[in-house]
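The values are calculated or read from the model by the stated rules, or taken from the named source; none is laboratory data. Because the structure is predicted, anything quoted here is derived from the model rather than measured. Here the Cβ is made from the backbone with ideal geometry for all residues, glycine too, and neighbour counts use every protein chain on show.
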Protein chains: 2
Amino acid sequence: MRPSKKDELVRKALNVFYRHGFHASGMDLVAKETGVSKTAIYNHFRTKDDLILAVIKLRDEEFRAWMVSRIETYGETPEERLLAVFDAHAEWFAQKGFFGCLFIKACAEFQDPAHPVHQQSCAHQAQGIAYYRSLAVAAGFADPDEIARTIWFLAQGAIVAAVMAAIDNPAASARVAAAKMLACAERRSV
Amino acid sequence: MRPSKKDELVRKALNVFYRHGFHASGMDLVAKETGVSKTAIYNHFRTKDDLILAVIKLRDEEFRAWMVSRIETYGETPEERLLAVFDAHAEWFAQKGFFGCLFIKACAEFQDPAHPVHQQSCAHQAQGIAYYRSLAVAAGFADPDEIARTIWFLAQGAIVAAVMAAIDNPAASARVAAAKMLACAERRSV
DNA sequence: ACATAAATGTACAGATCGGTAACGAAAATC
DNA sequence: GATTTTCGTTACCGATCTGTACATTTATGT
């Protein structure tokens, strides 16, 4: 199987797991929805967990790249980009087929901290925080860690709200809060 | 079965589902862990979903009562209580056996918005926001909805962080952000 | 065109899933 | 103390689960 074909399989499997959940999606369903026979799938992935891990890794790469790209389009300066985070999230929430955060779901279904899927999902979140921190550093904030954590909390809260709460445009609401927070935050002394 | 016995069964089932997940916990496991035979369980709950729904409802009642109680202990005034939210969350995160938010997990596993478990979980979140809003109103903020949403976002973000992110004491960090936000927020004009 | 590799559908193994039937024991009710 | 309800145990049902075997067909590379 060509690498591109394998990617395509993983991407289609991602859709199945994303929509129906990991444990709720049987391999027969995955085979049907991806159009790849179960035999062929198991030729390339030893177990279902291996496939799920590949799904998580693909999503990690693609989603982070997409998110960074959108943030850098919405905002020019580092400080603008800290707020553009929420514009990008708003765009994400508005996409048809938005069903929440795959990584939060993955950790909800694979609770064992030793499970690779759990760890990979946590690693994804760490990268998000690290990116926000780099923006906060570039923007010259005195406490970039606190800034990054706050932006991240607000963004994750908005994600949860987008799935569970009857809040209109949670990303916009979180953006307002973030803007006020940034306006009050101290800059690094020269 | 006495109501108290039934409650006890639901409470023990809650522990099973909380620790292992809903789909990953078979009814045989539930029977074993609760000490109630599968037959007896099915005498009182028509299906597994019915039991799960009872679990969600029990958790909703108990957890909200606990959270409100802790918040009102940590804070005296409404404004203090908006920050005490994070003290209560910190206490929750520190409890042994903390495994994240059951309602977030429930929505992750029951994605269909028409599913009662999904709806009940969302209703729980709505009650949380409503409580924060009542505090914001009592504290005299000009825009209690925005205040409530921000507190809620930060709290939910802290919960996600407590499970997934390598952030030390996320509740304390969220509290700092919330305090700054409240300090800048406008009061209602008399 | 041919040899090789890989995909397919079907069928299956073994385990587990949600849920039930049957029956004796226990216990609450009258 | 007799009766009725509820309980646990055990075994089971059909469906579905992950994962595999196998023979056939389809791509692929030279």
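Going by the structure shown, is A:A155 of a type outside the set (D, E), outside the structural domain of A:E8 (by TED's automatic domain parsing) and over 11 Å from the mean Cα position of the chain (by Cα)? Before you say what the answer is, go through the steps one by one.
Working: of a type outside the set (D, E): yes; outside the structural domain of A:E8 (by TED's automatic domain parsing): yes; over 11 Å from the mean Cα position of the chain (by Cα): no.
For A:A155, the condition - of a type outside the set (D, E), outside the structural domain of A:E8 (by TED's automatic domain parsing) and over 11 Å from the mean Cα position of the chain (by Cα) - is not met.
Looking at B:T39, is it over 25 Å from A:H20 (Cα atoms) and either near DNA strand C (Cβ under 9 Å from one of its atoms) or within 14 Å of chain A (Cβ to nearest Cβ) (or both)?
Working: over 25 Å from A:H20 (Cα atoms): yes; either near DNA strand C (Cβ under 9 Å from one of its atoms) or within 14 Å of chain A (Cβ to nearest Cβ) (or both): yes.
So B:T39 fits the description; yes.
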*Please go through segment B:40-84 and pick out each residue that is part of a helix (DSSP H, G or I) and among the β-branched types (V, I, T).*
B:I41, B:I52, B:V55, B:I56, B:V68, B:I71, B:T73
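Give A:D87, A:D28 a once-over and let me know the one that is assigned to a helix (DSSP H, G or I) and not assigned by TED's automatic domain parsing to the domain that holds A:I129. Walk me through it before giving the result.
Working: A:D87 fails: not assigned by TED's automatic domain parsing to the domain that holds A:I129.
Going through A:D87, A:D28 in turn, just one is assigned to a helix (DSSP H, G or I) and not assigned by TED's automatic domain parsing to the domain that holds A:I129: A:D28.
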*Just to be sure, is A:A142 closer than 19 Å to A:C122 by Cβ and more than 9 Å from chain B (Cβ to nearest Cβ)?*
no
_The one condition in (1) free of Cβ contacts under 8 Å to residues at least 60 places away in the same chain; (2) exposed (fewer than 14 other Cβ atoms within 10 Å of the Cβ) that A:R19 fails to fulfil_ = (1)
_Here are the criteria: (1) within 12 Å of DNA strand D (Cβ to nearest atom); (2) part of a helix (DSSP H, G or I). Tell me which single one A:K12 does not satisfy._
(1)
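Would it be correct to say that B:I56 is within 20 Å of B:N15 (Cβ to Cβ), more than 15 Å from DNA strand C (Cβ to nearest atom), touching a Phe, Trp or Tyr at 6+ places or on another chain (Cβ under 8 Å) and within 14 Å of chain A (Cβ to nearest Cβ)? Explain how you work it out, then say what you get.
On the way: within 20 Å of B:N15 (Cβ to Cβ): yes; more than 15 Å from DNA strand C (Cβ to nearest atom): yes; touching a Phe, Trp or Tyr at 6+ places or on another chain (Cβ under 8 Å): yes; within 14 Å of chain A (Cβ to nearest Cβ): yes.
When the stated conditions are applied, B:I56 passes them.
Considering only residues that are touching a residue at least 60 places away in the same chain (Cβ under 8 Å) and more than 7 Å from every other protein chain (Cβ to nearest Cβ), which ones fall in segment A:171-190? Give the derivation first.
Quick first cut of segment A:171-190, residues touching a residue at least 60 places away in the same chain (Cβ under 8 Å) only: A:171-172, A:174-175, A:178-179, A:182.
Of everything in segment A:171-190, those that are touching a residue at least 60 places away in the same chain (Cβ under 8 Å) and more than 7 Å from every other protein chain (Cβ to nearest Cβ) turn out to be A:A171, A:A172, A:R175, A:A178, A:A179, A:L182.
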*Tell me which of these B:A88 doesn't satisfy, since it passes every other one: (1) over 18 Å from A:K105 (Cβ atoms); (2) more than 12 Å from the chain's Cα centre (by Cα); (3) of a type in the set (G, A, S).*
(2)
_Some residue of segment A:129-139 being within 27 Å of B:A183 (Cα to Cα), of a type in the set (D, E, K, R) and facing chain B (nearest Cβ under 10 Å)_ = no
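So which residues in segment B:107-120 are closer than 17 Å to A:F103 by Cβ and in contact (Cβ under 8 Å) with a residue 12 or more places away in the chain, if there are any at all? Lay out the reasoning, then the answer.
Taking segment B:107-120 as the starting set, the residues that turn out to be closer than 17 Å to A:F103 by Cβ are B:107-109, B:111.
Of everything in segment B:107-120, those that are closer than 17 Å to A:F103 by Cβ and in contact (Cβ under 8 Å) with a residue 12 or more places away in the chain turn out to be B:C107, B:E109.
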*Pairs only if they're at least six apart or on different chains, beta carbon under 6 angstrom, first in segment B:25-38 and hydroxyl-bearing (S, T, Y), second more than 9 Å from DNA strand D (Cβ to nearest atom); list them, first residue then second.*
B:S25/B:V16; B:S25/B:F17; B:T34/B:K12; B:T34/B:A13
